[in-house]
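See below for the structure under consideration.
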Ligand code: FE
Ligand code: FE
């Protein structure tokens, strides 16, 4: 029997479930990173982004509603790999002056992953004529980009100096 032909709307839904899994995972992980961080600036950045990430979860729920689906998660091995690496850094660099630099690198890997997913989903939403969904996805994409820039500025100002 021929494999059922999947279409762009199914790919959109699959990827939405992947990002929904990832965002929920990040809500779980960010408090641990906040606790581990030494720099108060970095702690503050993680705290702020935790609040934003909770909104990202609810925005995704709005997108599920727009396409008439219940919010559901699909295991995302990419985010599990990135967060596993972060956990490894927290363990191996505990008490080290390089810990914050390591936390920053892990956090930026997360943001870049999210940026790639949200950029893709936004483009597909436009392709599918889901203008409102595209707007929601773009808003989250903007916040991920702003977070990435804020982390870069923390990295250059405080953390990397301490690590040397
Ligand atoms: Fe997010
Ligand atoms: Fe994020």
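Any read-out appearing in this document is the output of simple, stated calculations on the displayed coordinates, not a laboratory observation. Worth saying up front: this structure is predicted, and the values here are computed from it rather than measured. A quick note on method: Cβ atoms are made from the backbone with ideal geometry, for glycine too, and the neighbour counts reach across all protein chains shown.
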Look through the stretch 1-41, keep the residues that are buried (at least 18 other Cβ atoms within 10 Å of the Cβ) and not in a helix (DSSP H, G or I), and return whichever of them is farthest from ligand 2 (Cβ to nearest atom). 39
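Matching residues to (1) within 11 Å of ligand 1 (Cβ to nearest atom); (2) more than 16 Å from residue 13 (Cα to Cα); (3) surrounded by fewer than 22 Cβ atoms within 10 Å (Cβ to Cβ); (4) under 18 Å from the mean Cα position of the chain (by Cα):
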| residue | (1), (2), (3), (4) |
| --- | --- |
| 108 | no, yes, yes, yes |
| 112 | no, yes, yes, yes |
| 115 | yes, yes, yes, yes |
| 119 | no, no, yes, yes |
| 124 | no, no, yes, no |
| 129 | no, no, yes, no |
| 135 | no, yes, yes, yes |
Within the stretch 42-82, the count of residues that are in a helix (DSSP H, G or I), free of Cβ contacts under 8 Å to residues at least 12 places away in the same chain, more than 14 Å from ligand 1 (Cβ to nearest atom) and surrounded by fewer than 14 Cβ atoms within 10 Å (Cβ to Cβ) comes to 3
Looking across the stretch 5-41 at residues that are without any contact (Cβ under 8 Å) to a residue 12 or more places away in the chain and over 24 Å from residue 99 (Cα atoms), the single one that is nearest to ligand 1 (Cβ to nearest atom) is 10
